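A short write-up of the structure that comes next.
The values are calculated or read from the model by the stated rules, or taken from the named source; none is laboratory data. Model, not experiment: these values are computed from the prediction. For neighbour counting, all protein chains shown are included, and Cβ atoms are generated from backbone atoms with ideal geometry for every residue, glycine included.
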């Protein structure tokens, strides 16, 4: 489960205003995330369920992984 403060930050990124203020952009979907990781983009977080991470063999730093429950994923 994602802490409430972090969940609030992630949901705020749905709005362009907050993405611009934070200087970030959102990449959604397995293929685009894999491309970003391969391109050595500065990835701050990869948000997914535990089951998804377990089934996914793409190498990434543990520090970027954010494990979310199904309810959290619905909110983001």
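Tabulated data for the structure shown
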| item | result |
| --- | --- |
| Complete set of residues in region 36-58 that are over 13 Å from the mean Cα position of the chain (by Cα) and more than 21 Å from residue 75 (Cβ to Cβ) | 38, 39, 40, 41, 54, 55, 56, 57, 58 |
| Filter result (more than 13 Å from the chain's Cα centre (by Cα) and assigned to a loop (DSSP other than H, G, I, E, B)) within region 1-15 | 1, 3, 15 |
| Total residues in region 42-56, condition in a loop (DSSP other than H, G, I, E, B) and touching a residue at least 12 places away in the same chain (Cβ under 8 Å) | 5 |
| Odd one out for residue 63 among (1) modelled with pLDDT under 95; (2) outside any loop (DSSP other than H, G, I, E, B); (3) over 14 Å from the mean Cα position of the chain (by Cα) | (3) |
| Residues satisfying the stated conditions in region 1-57, i.e. closer than 13 Å to residue 68 by Cβ, in contact with a helix residue (DSSP H, G or I) (Cβ under 8 Å, 6 or more places away or on another chain) and loosely packed, with under 11 Cβ neighbours inside 10 Å | 1 |
| Every residue from region 16-31 that is in a helix (DSSP H, G or I) and either touching a residue at least 24 places away in the same chain (Cβ under 8 Å) or at positive phi (or both) | 30 |
